[in-house]
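The numbers here are math on the coordinates, done by the rules we state, and not lab data. Since the model is a prediction, treat every value here as computed from it, not as a measurement. Counting neighbours? That spans all protein chains shown, and the Cβs are built from the backbone with ideal geometry, glycine included.
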Amino acid sequence: MLEREFISSCMKKVIDENGITFEEAERLIDIRDIVPLAQAANEITISFKGLVIDVEALLNAKSGNCPEDCFFCAQSSFYETGITKYGLLSSREVINKAKQAERDGASSFCLVCAYRTPPEKEFSQICSIIEALKKEVDLDINVSLGFMTLEKAKKLKSLGVKRYNHNLEASKSFFSQICSTHDFDNRIQTARIVKESGLELCCGGILGMGESTHQRIELGFSIAELEPHEVPINILIPKEGTPLASMNSITPEETIKTIAVWRFIMPETILKIAGGREVHFLDKGRLALTAGANGIISGGYLTTDGSEMSQDSLMIKEIGRQTGLH
């Protein structure tokens with residue numbers, strides 16, 4: 001079967017809600033011409049999710065000194081990376097950032113803290129911050145606080161938190177090459193706790209850490225099994241001081257092909273291009289949003305600056321999409 005015919009047959013299977021196999025996904029990601037693959041992924045996105053792009057703002061509300069040794073992470077206490085480290089921000093600082101994100105056009109606001117798991121005292125402070133946020137802004141409030149217990153997750157749900165972010169980061173077969181202080185199953189456990197609590201799950205990964213295309217497909221299917229509401233797709237920006245500092249960058253074409261194939265695997269999920277997109281995509285950011293992605297992180301990341309939200313809003317309009325909530 002010719003490539004275009006194969007892409008079309010896989011697209012029809014997905015739109016008919018039959019799904020594709022692992023082997024079909026591997027064949028799709030090996031296709032050289034990304035144009036028909038991107039077009040098919042775009043058709044799937046529109047069929048299931050319409051023309052809305054979910055725009056989210058992040059706040060690094062507690063930076064650095066994380067006790068995990070994730071090899072890609074500038075916030076790990078194992079590495080000297082020169083980042084600014086600080087404790088949990090005050091409620092007023094968080095609220096001011098959220099209000100600015102709301103003025104800039106964000107749909108949601110995610111509070112991120114560098115913990116293995118939040119200490120009880122700081123978890124209580126975070127709960128108070130969330131209560132204040134719900135009174136001050138009309139945004140979906142999401143959080144990312146590390147490993148969760150069911151009790152803590154239910155508490156967050158009761159406060160009105162919409163989504164909890166806990167990425168798998170890498171496939172199970174590759175995970176030991178990017179972290180030694182916890183394993184893949186630890187991450188799966190928290191993702192399942194989030195689902196059990198009634199919170200929406202935000203669960204994605206990082207591309208370009210040395211994994212194979214097979215392992216990118218493996219990661220996509222592992223994420224899909226968890227049925228997340230949202231999948232952030234990050235692209236590694238090598239950080240000086242980390243074990244992955246000298247890693248060669250993945251090409252924009254490889255990233256876009258992965259996004260497109262993940263759309264075939266997860267047709268009903270928000271696929272959100274996140275950390276690294278401004279560095280790696282350059283002028284191909286528009287292509288990513290017409291190749292399967294239907295969400296962006298805007299305004300900056302945890303230890304890396306991002307594009308201005310006004311620029312992203314213009315880009316979204318230029319490709320015939322609109323901002324809003326899913």
Positive dipole terminus of region 21-323, leading residue within GLN311, LEU287, PHE72 (C-beta point charges)
GLN311
Taking amide hydrogens as modeled 1.01 Å from N in the peptide plane, which residues meet the under 5 Å criterion relative to GLY205, leaving out close sequence neighbours?
GLU169, ASN234
Working note, region 1-156: Cα radius of gyration (Å, one decimal) and Dmax (Å, whole number) are 21.2, 60
With springs only between Cα atoms under 10 Å, which of GLU151, GLU254, GLU227 fluctuates most in a Gaussian network model of the chain?
GLU151
When the chain is treated as a Gaussian network with springs between alpha carbons less than 10 Å apart, the largest mean-square fluctuation among ARG192, ARG286, ARG92 is found at ARG92
Please turn the phi angles of region 253-266 into ³J(HN,Hα) values with the Karplus equation 6.51 cos²θ - 1.76 cosθ + 1.60 (θ = phi - 60°), one per residue in order, whole Hz, x for glycine and proline.
5, 4, 5, 5, 5, 5, 4, 4, 5, 4, 5, 5, 6, 10
Amide H to amide H, which residues 5 or more places from CYS110 or on other chains are under 5 Å from it, using H placed in the peptide plane?
ALA57, LEU58, LEU59, ASN142
Taking amide H positions as placed in the peptide plane 1.01 Å from N, state which residues far from GLY295 in sequence (5 or more) or on other chains have amide H under 5 Å from it.
ASP54, LEU271, ILE273
Roughly how many whole Å is it from the C-alpha centroid of region 24-61 to that of region 142-213?
22 Å
Show me, for region 204-217, the HN-Hα J-couplings you get by feeding each phi into the Karplus relation (A = 6.51, B = -1.76, C = 1.60, θ = phi - 60°), rounded to Hz, glycine and proline as x.
x, x, 10, 9, x, 9, x, 6, 7, 4, 4, 6, 5, 5
Rounded, prolate or oblate, given the Cα gyration tensor of region 55-97, with a/c below 1.5 counting as rounded?
prolate
GNM top mover of GLY105, GLY205, GLY87 - the chain, alpha-carbon springs below 10 Å
GLY87
Between their Cα atoms, which of LYS85/LYS239; LYS135/LYS272; LYS97/LYS195 are more than 22 Å away from each other?
LYS135/LYS272; LYS97/LYS195
Restricting things to alpha carbons, tell me how big region 182-275 is in terms of Rg and Dmax, in Å.
13.8, 40
Can you pull out the GluC sites (Glu not before Pro) in region 1-73 whose DSSP state is coil and whose Cβ has at most 15 other Cβ atoms within 10 Å?
GLU17
Provide the per-residue ³J(HN,Hα) series for region 87-93, in order, calculated from phi with Karplus coefficients 6.51, -1.76, 1.60 and θ = phi - 60°, each as a whole number of Hz, with x at glycine and proline positions.
x, 4, 5, 6, 4, 5, 4
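Give me D for the chain in µm² s⁻¹, whole number, from Stokes-Einstein with Rh from the Kirkwood sum over alpha-carbon pairs, 25 °C and 0.890 mPa s.
Taking Rh from Cα pairs, D becomes 124 µm²/s.
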